[in-house]
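What follows is a single structure, written as structure tokens, with notes after it.
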Amino acid sequence: MKKLKYLLFIAQAFLIGSLAAQPYKPSPGIDVKVNALLAKMTLDEKIGQLTLYTTDWGSTGPTIREGYKNDIRSGACGNLFNSHTVGFVRELQRIAVEETRLKIPLLFGFDVIHGYKTIFPIPLGEAASWDLEAIELSSRIAATEAAAAGLNWTYAPMVDICRDPRWGRVMEGAGEDTWLGCRIAEARVRGIQGKKLGSTDAMLACVKHYAAYGAATAGRDYNTVDMSERFFREYYLPPYKAAVDAGATTIMTSFNEYDGVPATGNKYLLTNILRNEWGFKGFVVTDYTSMNEMVNHGVIADEKEAGELSLNAGVDMDMQGAIYQRFLKQSLKEGKVTQKQIDEAARRVLRQKFELGLFEDPYKFCNEERQKAQLLSPEHRQAAREVSRKSIVLLKNDKNALPLQRSQKIALIGPLADNKSELIGNWNGAGNADDCITVAEGLKGWNVTQVKGCEMEGADKSGFDAALAAARNADVVVVTVGEKAMMSGEAASRTDIALPGVQEELVLELCKTGKPVVVILMNGRPLVIPQIAQNATAILETWWLGTETGNAIADVLSGAYNPSGKLPMTFPRTVGQVPIFYNERNTGRPYNPESKWTSRYIDEVNAPLYPFGYGLSYATFMYGQPVANVSYTAADTGKKHPKSPVTVQVAVTNTGKVAGEEVVQLYVRDLIGSVTRPLRELKGFQKVMLQPGESKTLTFTLKPEDLRFFRRDMSFGSEPGEYDIMVGGNSQDVKTVRVRLEK
Ligand code: NOJ
């Protein structure tokens, strides 16, 4: 019965979630209403709609500065963030709709990144599931809960491509790959915005951080970005566009510069590309005081100029900077900006308030019963458990150490085994650590002896002896180690991405006991763990899984769930290899370990520790030779167009003893292009469940655009010539078939 209820819940979530999939267009009739309202508004009231302030929930609970309250009353602040829960939101909304002249309701924004109260895996972890339905469901539930707690706007999805694990914010995104990143961006927008804006469980999505924030030089947060337009358009830009094409209604600028101009004042990004090329009809918000920070960037002299640069570039709303509020009127007087620009920005913001239905019912997200029923409901927890176990990646499993047997005596070691506080990870919405299931709790009922061994940080090894004694006394050691949750996320870049403290030493000591050692990693980024990779018996990458951590990990340890996750980001051997990513180009001197004068290091191989797309299963899979139908004969030369898509078939067989799910990945390489092309690029994947001995033939369809790229003249199209199509279980172990596009 419980299961049936859960399945019905999932079916419903998808009926709602999967319909919207086109760029946002104002609903019929909206602009008439917006224009009628605009006609009544004073300049100050219009500027108020472009102003967004935070409340102080994070530090002092549900409180707001008196000055901001007055700003709401006077119409000088039209939007808030970090205010949530029904009672608090209702009170603030009441001020807006009862005490202001025009009764314009407020937007309420919040960073709902991987769950509101029911916390799901960090986004990088969910990306490892390669399960778009699961990711959409996670976003759907996050939005449903957040909208039940008074919120109507979330600062998600974060779609920044990143090839540098030193950057703490890799935990918030989908990893290094553009194609996977695009699919995940779409899934999240669908999940957040639901079937229709205006439903009580749908929120405005905010795609961030536009643009190329994930390419911060040296992985240092907020740092400058520098890259060619070719790389920008090819690797970094597509996920933002995918999110816009999926209907995202708002977009956030980034802190970094692009091509020498800070993103918040960058007209090329915000007007030329976003509005003119893509036809984006939603509104643009800055990141937190990023408008003010343009003074530090050194492209304008003061904050007033920052406002002018931003509005002229295409920014509609100022997050926390108070620049529009303080200076825009004066800028208008001086002719530095126009009334039309201010009207248009206000129009874009008001449109979304109408889309949400806030003018009909400003309290529509303020229903105490709904809040009570939705937050942390059994169905949401069950979904979190399922998404969590799908996000786990099995990195190593020597001698089939996993799954564990019920009869085994387990030494459960490590600082994270009974820890709750770290499990919800960074950017954890309104999640409570106390609601999390620990690994020890997940293993309740098993024969477990638990010893901490060491802390996550510091040099204290006094706990090692007890841990080693417990290990010697057990059949198998399960050791939980990782980063602290706050070691990734915003402003949390690291130069050393090994395990902090003496945790690695503890693991290596445990390995010396000769007992099988299963390492459970909890972290927000790829880690450098070559010693552990070499010495441990089994390794599970579990990221930060959220509320259901312990249950999901126990499901995998016990074999109740057979892991199927695959890495969305390369794991380096050493931080000196960073940035390291799978879709690199060949160079003129491709890697040759025998020859010094090739593109290599003298002290380390080029290969990563674990490549992109890598992950094992308790089953094993055998790939047949892929076969292509080459009915696709014409390249995109401008005159001729491809006749039909290329289809590639591959047989995959489960050669193991248990049923398992494999993520079958398809990569493409254009052998000779007018510009250099990556050695492989992901262009498709399918998840397939196979019983032991079962074989299935999968068909991949490559659409004409899958073979297109920015050619030498920056036009986007395919070129005649040979392409390798590669299929495999990760980005390195692939089987290849060659196809030819003709003139
Ligand atoms: C700064 C972060 O960069 C952004 O991701 C977030 O949405 C805002 N702060 C609001 O919290």
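Bear in mind these aren't lab numbers, they're just calculated from the coordinates by the rules spelled out. Since the model is a prediction, treat every value here as computed from it, not as a measurement. All Cβ positions, even for glycine, are placed from backbone atoms using ideal geometry, and neighbour counts span all protein chains on display.
Amide H to amide H, with H built 1.01 Å from N, Leu204 comes under 5 Å of Trp153, Thr154, counting only residues 5 or more places away or on other chains. Scaling the Cα radius of gyration of the range 483-641 by the globular reference 2.2 N^0.38 Å produces a ratio of 1.34. Of the two radii for the range 353-496, the radius of gyration is 1.10 times the Kirkwood radius, both from the alpha carbons; that is the Rg over Rh value.
Listed peptides 329-337, 162-170 appear in the order 162-170, 329-337 once ranked by packing, highest mean of other Cβ atoms within 10 Å at the front. Computed over the range 292-386, the Cα gyration tensor eigenvalues convert (square root of 5λ each) into semi-axes of 39, 19, 11 Å, ordered from largest to smallest. Its residue count N fixes a reference of 2.2 N^0.38 Å for the range 41-197, and the Cα radius of gyration divided by that reference is 1.17.
Which whole number in µm²/s is D for the range 376-417 by Stokes-Einstein, with the Kirkwood Rh taken over Cα pairs at 20 °C and 1.002 mPa s? Value of D from the Cα-based Kirkwood radius: 161 µm²/s. Taking amide H as placed 1.01 Å from N in the peptide plane, the amide H of Gly482 sits under 5 Å from that of Met522, each at least 5 places away or on another chain.
To the nearest 0.05, what FRET efficiency results for Glu457 and Lys196 with a Förster distance of 41 Å applied to their C-beta separation? E(calc), rounded to 0.05, equals 0.30. D by Stokes-Einstein for the chain, Kirkwood Rh over Cα pairs, 20 °C, 1.002 mPa s: 80 µm²/s. 3J(HN,Hα) couplings calculated from phi for the range 275-284 with the Karplus curve 6.51 cos²θ - 1.76 cosθ + 1.60 (θ = phi - 60°) are, in sequence order, 8, 7, 6, 9, x, 5, 10, x, 10, 10 Hz; Gly and Pro show x.
Would you calculate the convex hull of the Cα atoms in the range 133-283 and tell me its volume per residue in Å³?
Working: hull volume 15.4 nm³, N = 151.
For the range 133-283, the hull spanned by Cα atoms encloses 102 Å³ per residue.
Shape analysis of the range 161-205 based on the Cα gyration tensor places the equivalent ellipsoid semi-axes at 27, 12, 5 Å, largest first. Quick note on the range 406-465: its Rg to Rh ratio, both from C-alpha atoms and Rh being the Kirkwood radius, is 1.04. The convex hull around the C-alpha trace of the range 214-318, projected and averaged over every direction, spans 6.2 square nanometres. Computed from label points 7 Å out along Cα-Cβ, the spacing between Asn432 and Lys340 is 5.5 nm.
Take the Cα of Leu43, go 7 Å toward its beta carbon, and the backbone nitrogen atoms of the range 329-357 under 12 Å from that spot belong to 329-340, 342-343. Scanning residues 5 or more positions from Lys196 or on other chains, none has an amide H under 5 Å from its amide H, with H placed 1.01 Å from N in the peptide plane. For Lys329, the lysines whose Cα falls under 23 Å of its own Cα, not counting residues fewer than eight places away in the same chain, are Lys40, Lys46, Lys69, Lys103, Lys267, Lys304, Lys340. The modelled label-to-label distance between Gln649 and Glu705, using points 7 Å beyond Cα along the C-beta direction, is 2.8 nm. The fraction of Cα-Cα pairs per 10 angstrom bin, counted from 0 for the range 648-743, comes to 15, 44, 25, 12, 4, 0 percent, rounded to whole percents.
The aspartates and glutamates whose alpha-carbon is closer than 15 Å to the alpha-carbon of Lys336, local same-chain residues fewer than 8 away aside, are Asp302, Glu303, Glu305, Glu308. Each peptide in 453-461, 557-565, 384-392, 288-296 receives the mean, over its residues, of other Cβ atoms within 10 Å, and ordering these scores from highest gives 384-392, 557-565, 288-296, 453-461. The ellipsoid equivalent to the alpha-carbon distribution of the range 385-577 has semi-axes of 22, 20, 17 angstrom, derived from the gyration tensor eigenvalues as √(5λ) and listed largest first. At the listed q of 0.08, 0.10 Å⁻¹, the Debye profile of the range 35-370, built from one uniform point per Cα, gives log10 I(q)/I(0) equal to -0.34, -0.53. Computed over the range 322-433, the quotient of the alpha carbon radius of gyration and 2.2 N^0.38 Å is 1.97. Taken one residue at a time, the phi angles of the range 52-58 give Karplus couplings (6.51, -1.76, 1.60, θ = phi - 60°) of 10, 10, 8, 8, 10, 3, x Hz. Gly and Pro are set to x.
In order along the range 583-595, the phi-based Karplus estimate (6.51 cos²θ - 1.76 cosθ + 1.60, θ = phi - 60°) of 3J(HN,Hα) comes to 8, 7, 9, 6, 6, x, 10, x, 3, 9, x, 7, 10 Hz; Gly and Pro are listed as x. Kirkwood hydrodynamic radius computed over the range 533-579 comes to 12.9 Å, based on all pairs of distinct alpha carbons. Restricting attention to the chain, close to 55% of DSSP beta bridges with both partner residues there are antiparallel.
The angle between the Cα long axis of helix 503-512 and the main principal axis of the chain comes to about 20°, on a 0 to 90 degree scale.
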